[in-house]
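Peer 1: Sharing a structure, written as structure tokens. Questions coming.
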């Protein structure tokens, strides 16, 4: 992907369909006049009066308990520095930093379910900045300081921590320190070195470097064994005009003049400076089992490839996601604030930071969930040189790190409220995980493990081509593009899709030979059903017939069609060519709905208008198998207007017979019905009314509808009203991996369905 294309994509991402990355949404009902009267005047007066009597009730009646301010003055934005002067546009640092602060807010939300307001303050004056933060602090449960340059950052954080009674943390200082501290503990264990004996060299002396050095000292590294370098060289006692922070690490060693000299025989190198500060010779001069944390971004102090090639005994971490052991601040700040907020901590103290360090170090030694292996394309991650800290998308982070942080807050006396049941707290934390993105990441990661050839029948449609481009560039699959070649090439140029992919244009002369060959194959298979050779050849001039035959004969592994035509129109030719899988009575379709209350499969959403009881049972079995493919243990409800035989209507009896069939043929299956949809979804309603249901208190994740009307209408209503993402329709029961889109599917939906098609094709190779 070209740099210009990356730039355009980034700008589109931040501007479309709405500018920015975060928004405010209501958390209470607001539809009726009664709702509004409670939300505002006169009802709002009552919580105001309660808060007036007891200020702590602000946490009970407002969003303060889950609201963090991400605050910056834009003086150290990413690696850009003070953006305003850099661009020569005057002092616009705060404005230009807003996309970064919104991004930080996004990370808070998706990793720890914390709401954020980003606030950009237009001042470089320390007192003005501090006073502004103090004046707005009553709004928030915590303050995350971001992208503020040193040395001002030190004083700002120190004073705000002292003067406010809510958690304050400058992530640029402490985030890297906490994550790398955890990594250091584990690296030293693997290197068989004692922390009190090691010689450490730190390249860099900014806010992050100073904070890291403080953390390492707290962990046991001796001050005399730390050599810290800034742009002027070694920070030692002969240096004048040192900041108080640098003086803390001023070495008595005045004989060493260069980084090269300092690294001879050293055990640990900490890089928080810029690219290429360490050479191969410097690395070679380090002690046995050297530990190198080269954390400059985007390019580390020494290339990862160069480093591991130079020393096979190295234990290395970087700031990059494309190498093992990424020191990523997202492992820390969302979960630290989560724990601090949940006990209403008055500050984030050293005990809480240290608790996060040890929690992360411990987690890296525990067995890794298969989900993480799949997402990161690993066969089996386990504690070792290439895995010394957890991965950012490890779902266990939210139920482990906040717990330890909260315990430390309580034990150190800064917590405002206790936690009575720690097991329940961990479960509540686990429930905060975002399921939709996790599932999509899992699907795409599984596809990347073994990409397959996907033929797109309408690649001359812009959205389909865009999706194919994403599929190719993300390594999900290998697109085969079908359509008018001139149109495809024109569109490819417009979207900067420059890769040399196979294009099939059935209108060209060179396609005629294959059309005839495919026609003969179809004729041989269907001549006993009255199909003539000329008819078979004619069929092959149509895209869906031709593409389906490519999959059938192995020239493609999967097929995606249906973007611009009705579902039945597309399914019929594919069914004629591909046919049903062996033993399948009926094909069917399921949609995986990623709703606000969790994922749920709905069937049959696209194929069978009014299935008989036995067909309904087989649809249930296929859906159950599909749910298992996604890693779910199916808990299945067969829906009806009737509850468990309350009606003798044929529609209800059909469902009843299907359930009886399933229980007889699959006694291990968790299934019940006929049941009304609200009872199926609401566990308390079900328990109170039908406590003997086989569904028990388990969360239903598969809904089987009695007919197509009910299923199709429901999934589309959920999609529009709930805002749920829909993955599907996923065709079930076909002999090959072929999938049909809903009319005018979005680019994201096409990409997701492409990943599904690849996974489907993978399963058929096993």
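Peer 1: Considering only residues of the stretch 324-334 that are in contact with a strand residue (DSSP E or B) (Cβ under 8 Å, 6 or more places away or on another chain), on the phi < 0 side of the Ramachandran plot and in a loop (DSSP other than H, G, I, E, B), which is surrounded by the most Cβ atoms within 10 Å (Cβ to Cβ)?
Peer 2: We begin by selecting, within the stretch 324-334, every residue in contact with a strand residue (DSSP E or B) (Cβ under 8 Å, 6 or more places away or on another chain); these are 324-327, 333.
Filter again for on the phi < 0 side of the Ramachandran plot, leaving 324, 326-327, 333.
After this cut, where a residue has to be in a loop (DSSP other than H, G, I, E, B) as well, the list is 324, 327.
Values: 324: 21, 327: 27.
Here the residue is 327.
Peer 1: Between 391, 377, which is under 23 Å from residue 176 (Cβ atoms), at pLDDT below 95 and part of a loop (DSSP other than H, G, I, E, B)? Walk me through how you get there before you give the answer.
Peer 2: Working: 377 fails: under 23 Å from residue 176 (Cβ atoms).
Residue meeting the stated conditions: 391.
Peer 1: Still on this structure: Given the options 453, 466, name the one that is under 30 Å from residue 741 (Cβ atoms), in contact (Cβ under 8 Å) with a residue 12 or more places away in the chain and in contact with a strand residue (DSSP E or B) (Cβ under 6 Å, 6 or more places away or on another chain).
Peer 2: Details: 466 fails: in contact with a strand residue (DSSP E or B) (Cβ under 6 Å, 6 or more places away or on another chain).
Being under 30 Å from residue 741 (Cβ atoms), in contact (Cβ under 8 Å) with a residue 12 or more places away in the chain and in contact with a strand residue (DSSP E or B) (Cβ under 6 Å, 6 or more places away or on another chain) holds for just one of 453, 466, which is 453.
Peer 1: Could you list, in sequence order, the residues of the stretch 278-297 that are touching a residue at least 24 places away in the same chain (Cβ under 8 Å) and surrounded by fewer than 17 Cβ atoms within 10 Å (Cβ to Cβ)?
Peer 2: 280, 284, 285, 288, 297
Peer 1: When you look at residue 605, is it part of a helix (DSSP H, G or I), in contact (Cβ under 8 Å) with a residue 60 or more places away in the chain and crowded, with 20+ Cβ neighbours inside 10 Å, yes or no?
Peer 2: Values: part of a helix (DSSP H, G or I): no; in contact (Cβ under 8 Å) with a residue 60 or more places away in the chain: yes; crowded, with 20+ Cβ neighbours inside 10 Å: yes.
It is false that residue 605 is part of a helix (DSSP H, G or I), in contact (Cβ under 8 Å) with a residue 60 or more places away in the chain and crowded, with 20+ Cβ neighbours inside 10 Å.
Peer 1: Suppose we filter the stretch 547-566 for residues that are crowded, with 23+ Cβ neighbours inside 10 Å and either within 16 Å of residue 460 (Cα to Cα) or at pLDDT below 90 (or both); how many remain?
Peer 2: 5
Peer 1: Check residue 45 against each of (1) touching a helix residue (DSSP H, G or I) at 6+ places or on another chain (Cβ under 8 Å); (2) exposed (fewer than 12 other Cβ atoms within 10 Å of the Cβ) and name the one condition it does not meet.
Peer 2: In the conditions (1) touching a helix residue (DSSP H, G or I) at 6+ places or on another chain (Cβ under 8 Å); (2) exposed (fewer than 12 other Cβ atoms within 10 Å of the Cβ), residue 45 misses (1) alone.
Peer 1: What residue, of 470, 455, is outside any helix (DSSP H, G or I) and under 28 Å from the mean Cα position of the chain (by Cα)? Lay out the reasoning, then the answer.
Peer 2: Working: 470 fails: outside any helix (DSSP H, G or I).
Criteria check complete, one pass: 455.
Peer 1: Related question: Mind checking which residues of the stretch 474-504 are buried (at least 18 other Cβ atoms within 10 Å of the Cβ) and in a loop (DSSP other than H, G, I, E, B)?
Peer 2: 476, 483, 497, listed by residue number.
Peer 1: Inspect all residues belonging to the stretch 151-165 and state whether any of them is more than 21 Å from residue 69 (Cβ to Cβ), surrounded by fewer than 23 Cβ atoms within 10 Å (Cβ to Cβ) and out of contact with any strand residue (DSSP E or B) (no Cβ under 6 Å at 6 or more places or on another chain).
Peer 2: yes
Peer 1: So, one more: Based on what the data block shows, is residue 495 over 21 Å from residue 756 (Cα atoms), touching a residue at least 24 places away in the same chain (Cβ under 8 Å) and touching a strand residue (DSSP E or B) at 6+ places or on another chain (Cβ under 9 Å)? Working first, answer last.
Peer 2: On the way: over 21 Å from residue 756 (Cα atoms): yes; touching a residue at least 24 places away in the same chain (Cβ under 8 Å): yes; touching a strand residue (DSSP E or B) at 6+ places or on another chain (Cβ under 9 Å): no.
So residue 495 does not fit the description; no.
Peer 1: While we're here: Please pick out the residue among 148, 178, 130, 143 that is part of a helix (DSSP H, G or I), in contact with a helix residue (DSSP H, G or I) (Cβ under 7 Å, 6 or more places away or on another chain) and over 22 Å from residue 220 (Cα atoms). Talk me through it step by step, then tell me what you get.
Peer 2: Working: 148 fails: part of a helix (DSSP H, G or I); 178 fails: over 22 Å from residue 220 (Cα atoms); 143 fails: part of a helix (DSSP H, G or I).
Only one candidate passes the filter, namely 130.
Peer 1: Would you pick out the residues in the stretch 399-419 that are out of contact with any helix residue (DSSP H, G or I) (no Cβ under 6 Å at 6 or more places or on another chain) and outside any loop (DSSP other than H, G, I, E, B)?
Peer 2: Initially, the stretch 399-419 is screened for residues out of contact with any helix residue (DSSP H, G or I) (no Cβ under 6 Å at 6 or more places or on another chain), giving 407, 410-411, 413-414, 416-418.
Hits for the stretch 399-419 are 407, 410, 411.
Peer 1: Also, quick follow-up: Within the stretch 731-749, is even one residue under 24 Å from the mean Cα position of the chain (by Cα) and closer than 12 Å to residue 454 by Cβ?
Peer 2: Within the stretch 731-749, none of the residues are under 24 Å from the mean Cα position of the chain (by Cα) and closer than 12 Å to residue 454 by Cβ.
Peer 1: Touching a helix residue (DSSP H, G or I) at 6+ places or on another chain (Cβ under 6 Å), crowded, with 17+ Cβ neighbours inside 10 Å and in a loop (DSSP other than H, G, I, E, B) - does that describe any residue in the stretch 364-373?
Peer 2: yes
Peer 1: Ok, one more. Taking residue 702, is it under 30 Å from residue 452 (Cα atoms), assigned by TED's automatic domain parsing to the domain that holds residue 613 and modelled with pLDDT of 85 or more?
Peer 2: Working: under 30 Å from residue 452 (Cα atoms): yes; assigned by TED's automatic domain parsing to the domain that holds residue 613: yes; modelled with pLDDT of 85 or more: yes.
So residue 702 fits the description; yes.
Peer 1: Select from the stretch 122-137 the residues that are within 15 Å of residue 165 (Cα to Cα) and touching a residue at least 12 places away in the same chain (Cβ under 8 Å) and list them in ascending order. Break it down stepwise before answering.
Peer 2: Filtering the stretch 122-137 for residues within 15 Å of residue 165 (Cα to Cα) gives 130-131, 133-137.
Hits for the stretch 122-137 are 130, 133, 134, 136, 137.
Peer 1: If residue 17 passes every condition in (1) free of Cβ contacts under 8 Å to residues at least 24 places away in the same chain; (2) over 23 Å from the mean Cα position of the chain (by Cα); (3) exposed (fewer than 14 other Cβ atoms within 10 Å of the Cβ) but one, which one does it miss?
Peer 2: Of everything listed in (1) free of Cβ contacts under 8 Å to residues at least 24 places away in the same chain; (2) over 23 Å from the mean Cα position of the chain (by Cα); (3) exposed (fewer than 14 other Cβ atoms within 10 Å of the Cβ), residue 17 misses just condition (2).
Peer 1: May I pose another question? Which of (1) in contact with a helix residue (DSSP H, G or I) (Cβ under 8 Å, 6 or more places away or on another chain); (2) assigned by TED's automatic domain parsing to the domain that holds residue 400 is the odd one out, the single condition residue 346 does not satisfy?
Peer 2: Tallying (1) in contact with a helix residue (DSSP H, G or I) (Cβ under 8 Å, 6 or more places away or on another chain); (2) assigned by TED's automatic domain parsing to the domain that holds residue 400, residue 346 fails exactly one: (1).
Peer 1: Please verify whether the stretch 3-11 includes one or more residues that are touching a helix residue (DSSP H, G or I) at 6+ places or on another chain (Cβ under 6 Å) and either closer than 30 Å to residue 295 by Cα or at pLDDT below 90 (or both).
Peer 2: The first filter runs over the stretch 3-11 and keeps only residues touching a helix residue (DSSP H, G or I) at 6+ places or on another chain (Cβ under 6 Å), leaving none.
Within the stretch 3-11 (the criterion being touching a helix residue (DSSP H, G or I) at 6+ places or on another chain (Cβ under 6 Å) and either closer than 30 Å to residue 295 by Cα or at pLDDT below 90 (or both)), the answer is no, since none of the residues qualifies.
Peer 1: Pull up the stretch 299-318, narrow it to residues that are surrounded by fewer than 23 Cβ atoms within 10 Å (Cβ to Cβ) and in contact with a strand residue (DSSP E or B) (Cβ under 7 Å, 6 or more places away or on another chain), then point me to the one that is nearest to residue 275 (Cα to Cα). First the steps, then the outcome.
Peer 2: Applying the first criterion (surrounded by fewer than 23 Cβ atoms within 10 Å (Cβ to Cβ)) to the stretch 299-318 yields 299, 303-314.
Those left that are additionally in contact with a strand residue (DSSP E or B) (Cβ under 7 Å, 6 or more places away or on another chain): 304, 307-308, 314.
Working: 304: 11, 307: 13, 308: 16, 314: 19 Å.
Filtering the stretch 299-318 for residues that are surrounded by fewer than 23 Cβ atoms within 10 Å (Cβ to Cβ) and in contact with a strand residue (DSSP E or B) (Cβ under 7 Å, 6 or more places away or on another chain), the one nearest to residue 275 (Cα to Cα) comes out as 304.
Peer 1: Checking the structure you have, find out if any residue of the stretch 571-593 is touching a residue at least 40 places away in the same chain (Cβ under 8 Å), assigned by TED's automatic domain parsing to the domain that holds residue 450, crowded, with 24+ Cβ neighbours inside 10 Å and more than 21 Å from residue 763 (Cβ to Cβ).
Peer 2: Within the stretch 571-593 (the criterion being touching a residue at least 40 places away in the same chain (Cβ under 8 Å), assigned by TED's automatic domain parsing to the domain that holds residue 450, crowded, with 24+ Cβ neighbours inside 10 Å and more than 21 Å from residue 763 (Cβ to Cβ)), the answer is no, since none of the residues qualifies.
Peer 1: Inspect the stretch 350-359 for any residue being outside the structural domain of residue 64 (by TED's automatic domain parsing), surrounded by fewer than 18 Cβ atoms within 10 Å (Cβ to Cβ), assigned to a loop (DSSP other than H, G, I, E, B) and in contact with a helix residue (DSSP H, G or I) (Cβ under 9 Å, 6 or more places away or on another chain) and give the result as yes or no.
Peer 2: The answer is no; no qualifying residue exists.
Peer 1: I'm checking my understanding of the structure. Among residues of the stretch 713-729 that are over 22 Å from the mean Cα position of the chain (by Cα) and buried (at least 22 other Cβ atoms within 10 Å of the Cβ), which one is modelled with the highest pLDDT?
Peer 2: As a first pass, look at the stretch 713-729 and keep what is over 22 Å from the mean Cα position of the chain (by Cα): 713-718, 720-721, 729.
Next, from what is left, pick out any that are buried (at least 22 other Cβ atoms within 10 Å of the Cβ): 715, 729.
Numbers: 715: 85, 729: 88.
Among them, the one singled out is 729.
Peer 1: Oh, and also: Here is a list: 673, 696. Which entry is over 15 Å from residue 639 (Cα atoms) and either in the same structural domain as residue 605 (by TED's automatic domain parsing) or surrounded by fewer than 20 Cβ atoms within 10 Å (Cβ to Cβ) (or both)? Give the steps one after another, and end with the answer.
Peer 2: Working: 673 fails: over 15 Å from residue 639 (Cα atoms).
Being over 15 Å from residue 639 (Cα atoms) and either in the same structural domain as residue 605 (by TED's automatic domain parsing) or surrounded by fewer than 20 Cβ atoms within 10 Å (Cβ to Cβ) (or both) holds for just one of 673, 696, which is 696.
Peer 1: If residue 117 satisfies every condition in (1) within 26 Å of the chain's Cα centre (by Cα); (2) surrounded by fewer than 23 Cβ atoms within 10 Å (Cβ to Cβ); (3) assigned to a helix (DSSP H, G or I) but one, which is the exception?
Peer 2: Condition not satisfied by residue 117: (3).
The values are calculated or read from the model by the stated rules, or taken from the named source; none is laboratory data. Just so you know, these numbers come straight off a predicted model, no measurement behind them. With ideal geometry, Cβ positions are generated from the backbone for all residues, glycine too; neighbour counts draw on all protein chains shown.
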